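**Student:** This is the structure I have questions about; it appears just below.
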2 protein chains.
Amino acid sequence: MSRPTPHVAVDRDVLEDNIHAMQRAADAARLALRPHAKTHKSLQVARLQLAAGAVGLTVATVSEAEVFAEVCDDLFVAYPLWMDDERTGRLRRLLDRAGVTVGVDSVDSVRRLAPLAGAGLRVRIEVDSGHHRSGVPVGEVLAIATAAAEADVAVDGVFTFPGHSYSPDSRASAAADEQRELGAARDALEAGGVPCAAVSGGSTPSVAYARAEVLTEVRPGVYVFGDAQQWELGTIAPQQVALTVVATVVGRYPDRVVLDAGSKVLGADRSSWATGHGRLLDHPDAVITALSEHHATVTGFDAPRGTRVRVVPNHVCTAVNLADELVVADGTWRVDARGANT
Amino acid sequence: MSRPTPHVAVDRDVLEDNIHAMQRAADAARLALRPHAKTHKSLQVARLQLAAGAVGLTVATVSEAEVFAEVCDDLFVAYPLWMDDERTGRLRRLLDRAGVTVGVDSVDSVRRLAPLAGAGLRVRIEVDSGHHRSGVPVGEVLAIATAAAEADVAVDGVFTFPGHSYSPDSRASAAADEQRELGAARDALEAGGVPCAAVSGGSTPSVAYARAEVLTEVRPGVYVFGDAQQWELGTIAPQQVALTVVATVVGRYPDRVVLDAGSKVLGADRSSWATGHGRLLDHPDAVITALSEHHATVTGFDAPRGTRVRVVPNHVCTAVNLADELVVADGTWRVDARGANT
């Protein structure tokens, strides 16, 4: 009896190809690869990445780090954590299990990490390279490093997220911004006597442009599965999409069909430049014109009710976070860190 | 020690006020209230709705029905189910536990329900009243009812979802469309000798306009918690928002602050007319200008790092579906039907 739709399916062959291709590219560029585990949230996928040569994992939250400490002893929380007593306690316990580096982008936040200095915590300073989310201008990094030194907290380098690479025609320019700002931040720290072992950048759209002249490591996430955003940005070909939502045609009307996959399985992410609310992997001319919680409205495609199709989510990270499990050929993999937001 | 952020908090007093106010309004309008449980996915909230006078529950999937059969014996799956062997088996087992009505909008799909006719399944025919998602024009309802009769499947009436009411200035006109099309569909069935006990409509934006001259029941969902969409549509006042995501200011920059609540807790829904990616309940002038998975970028608001704020999701149904539990004053409530998409 077939598995009910909608469900999230992973093509393991494509997944492994993606993992090995990214590792080979990083090796060839003499860059360490520290994949972002927020994309897959799966210990099984993390094991494959580490076996292929990843130096460690990137995560977004302490609770994700708690999950991935089971398979990895070198974790980077690439997030400007604000510590309170609860989180400090959790991070202290985590440091007994793994090496942990966390992001900082203010003097205030680095001071709050002081209680963990003796436990071996390292920090990495976040630079704003043009995405204008978190991170500081280059001119502020030395003050943060100085505050860290006063708090006895070890600084291991700098990082940025060039999120403005998620836009048509800006992959190369965002990568250039990243390289310039990270290089300047490293120089500012070293001029102040702070060694900078790690210079970390790289998103899936920008990673192909990363250069070891400045960077020491890259942190792409989405590449493991691919998604409709990367397909439409030209970062990947549709043959590199490893994760799809299997859906059934439940409605058929003169101008459209309706699938049983909506925003509660695909996620509602939609960039301004996206052609629709996801793509049909095997029908590239189809357009998902509307998305409700349990309905995808599709034009440019026709099939009888009951037909199964493979839908590529716009943003795979949020689609995975909606699923409890990923269906592979020989079983299922748990989404171990689903909902791990704290 | 305080609960870590982000987390989803429910104000039980506001929730109960919302439940009782909607029940009073339905009673005064002589309409049965069958709340849509996809909004809260919580047995605890369903119990409150049923205790207040709801005649049953609406759900979107068979798996939601399986969860809510624990507290309710009158369930309507308001969705054009396409039955395969797996789903037929589940629905058959469900019919041993509860009365179940399911949506149909084609001759093909009603025929596939024939194996369940003996188990007491009822169907309700979906009419497209202007949202152009699922549902049929009035001219097609009698043919579906005839196919149901041939398959020995009981038809209990008609329904629609006036989803085009989710837009500024269209609440009243969408409700008028709903009333007109449902009335015509009922008349068409009755002219063909098919009694029409249920004439079911009503979304949260349109429900105030529903009239017992045509409708027999309404199915609003979002009203229990409210959300930023309803606030901006004018359906509710901010005082009626019962669910918020509690977040912490983790970044503070000259032109913005950053909160630790992103699309993995708020959901990424954003209508074209929304002012941002959610609202700050206690700071109505603030704008969430950007949303990443774990960052909300906010302008028009300033506060020191570590400050906690209450964020109102744009669309509460998808935010609840991301959470494993809802935090109330004296504990937590499970999101029992989280991820119940099949």
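**Student:** Work out the charge dipole of the protein assembly as shown with +1 on the Cβ of Lys and Arg and -1 on the Cβ of Asp and Glu about the Cα centre, then indicate which of B:V102, A:V222, A:G251 is farthest towards its positive end.
**Tutor:** Final value for the positive-end residue is B:V102.
**Student:** Something else: Using DSSP loop states and a limit of at most 14 other Cβ atoms within 10 Å to flag GluC sites (Glu not before Pro), what is the longest stretch of chain B containing no flagged site? Each step should come with its number before you reach the end.
**Tutor:** Values: sites that count: B:E70, B:E213.
By the stated rule (loop sites, at most 14 other Cβ atoms within 10 Å), B:71-212.
**Student:** Can you give the direction-averaged projected area of the convex hull of the alpha-carbon atoms in the range A:229-314, in nm²? Could the numbers behind the result be given before it?
**Tutor:** Working: hull surface 19.9 nm².
So the mean shadow area of the Cα hull is 5.0 nm².
**Student:** Also, I was wondering about something else. Given the -39500 (n - 2.57) contribution per DSSP H run of 4+ residues, what per-residue ellipticity at 222 nm results for chain B, rounded to the nearest 500 deg cm²/dmol? Show your work: numbers first, answer last.
**Tutor:** Numbers: 10 runs with 96 residues, N = 342.
Calculated mean residue ellipticity at 222 nm is -8000 deg cm²/dmol.
**Student:** Right, next: Using a Cα-Cα cut-off of under 17 Å, which lysines could be cross-linked to B:K38, ignoring same-chain neighbours fewer than 8 residues away?
**Tutor:** A:K264
**Student:** Considering every residue in B:4-16, what mean count of other chain Cβ atoms within 10 Å of its Cβ is obtained? Please list the in-between numbers first.
**Tutor:** Details: counts 9, 6, 3, 2, 1, 0, 0, 0, 0, 0, 0, 0, 0.
That average works out to 2.
**Student:** Could you give the length gained on full extension between B:D152 and B:R334, defined as 0.36 nm per residue of separation minus the Cα-Cα distance, in nm? Don't skip to the end; give the middle numbers.
**Tutor:** Working: separation 182, 0.36 × 182 = 65.52 nm, distance 3.91 nm.
Extra length available between B:D152 and B:R334 comes to 61.6 nm.
**Student:** Next up: Could you work out how far the C-alpha centroid of the range B:1-49 sits from that of the range A:208-281, in angstrom?
**Tutor:** Measuring centre to centre over Cα atoms gives 34 Å.
**Student:** In addition: Give me the Debye-computed log₁₀ of I(q)/I(0) at q = 0.13 Å⁻¹ for the range A:197-342, equal point scatterers on Cα only, no solvent, two decimals.
**Tutor:** Relative scattering, expressed as log10 I(q)/I(0), comes to -0.62.
**Student:** In the range A:123-188, if every C-alpha pair distance is counted and binned at 5 Å from zero, what percent goes to each bin?
**Tutor:** Reading the bins upward from 0: 4, 19, 27, 21, 14, 8, 4, 2, 0.
**Student:** Measuring label to label, 7 Å along Cα→Cβ, what does A:G234 give against each other copy in nm, shortest first?
**Tutor:** Here A:G234 shows inter-copy label distances of 4.6 nm.
**Student:** Roughly how big is chain A's charge dipole about its Cα centre, with Cβ charges of +1 (Lys, Arg) and -1 (Asp, Glu), in debye to the nearest 20?
**Tutor:** Details: 33 positive and 43 negative charges, 128 e Å.
Here the size comes out at about 620 debye.
**Student:** While we're looking at this one, here's another question. Could you give the alpha-carbon Rg of the protein assembly as shown over 2.2 N^0.38 Å, rounded to two decimals?
**Tutor:** Working: Rg = 26.0 Å, N = 684, 2.2 N^0.38 = 26.3 Å.
Computed over Cα atoms of the protein assembly as shown, the ratio equals 0.99.
**Student:** Now for a separate question. Pick from B:A37, B:A197, B:A247: which is most flexible by mean-square fluctuation in a GNM of chain B where alpha carbon atoms under 10 Å apart are linked?
**Tutor:** Of B:A37, B:A197, B:A247, the most mobile in the Gaussian network model is B:A197.
**Student:** Other chains near A:249-262: what is the mean number of their Cβ atoms within 10 Å of each residue's Cβ? Could the numbers behind the result be given before it?
**Tutor:** Details: counts 1, 9, 11, 6, 9, 1, 1, 3, 0, 5, 0, 8, 1, 3.
Counting Cβ atoms of other protein chains within 10 Å of each residue's Cβ and averaging gives 4.
**Student:** Got a sec? How would B:T332, B:T318 order by Cβ neighbour count within 10 Å, fewest to most? The partial results should precede the final answer.
**Tutor:** Working: B:T332 17, B:T318 24.
Starting with the residue having the fewest Cβ neighbours, the order is B:T332, B:T318.
**Student:** Sequence-distant or interchain residues sharing an amide H contact under 5 Å with A:V155, placed H: which?
**Tutor:** Those qualifying (amide H under 5 Å, at least 5 residues apart or on another chain) are A:V123.
**Student:** Hand me the trypsin sites (Lys or Arg not before Pro) from the range A:1-87 located in a DSSP loop with no more than 16 other Cβ atoms within 10 Å, in residue order please. Mind showing how you got there, number by number?
**Tutor:** Working: sites: A:R12, A:R24, A:R30, A:K38, A:K41, A:R47, A:R87; in loops: A:R30, A:K38, A:K41.
Filter output for the range A:1-87: A:R30.
**Student:** Dividing the Cα radius of gyration by the Kirkwood radius, what Rg/Rh value follows for chain A?
**Tutor:** Taking Rg over the Kirkwood Rh, I get 1.01.
**Student:** Taking amide H positions as placed 1.01 Å from N in the peptide plane, with prolines and chain starts having none, which residues 5 or more places from A:V328, or on another chain, fall under 5 Å of its amide H?
**Tutor:** A:V10, A:W333
Computed from the coordinates by the stated procedures, all read-outs in this text should not be read as laboratory data. Fair warning: this is a prediction, and the values are worked out from it, not measured in the lab. All Cβ positions, even for glycine, are placed from backbone atoms using ideal geometry, and neighbour counts span all protein chains on display.
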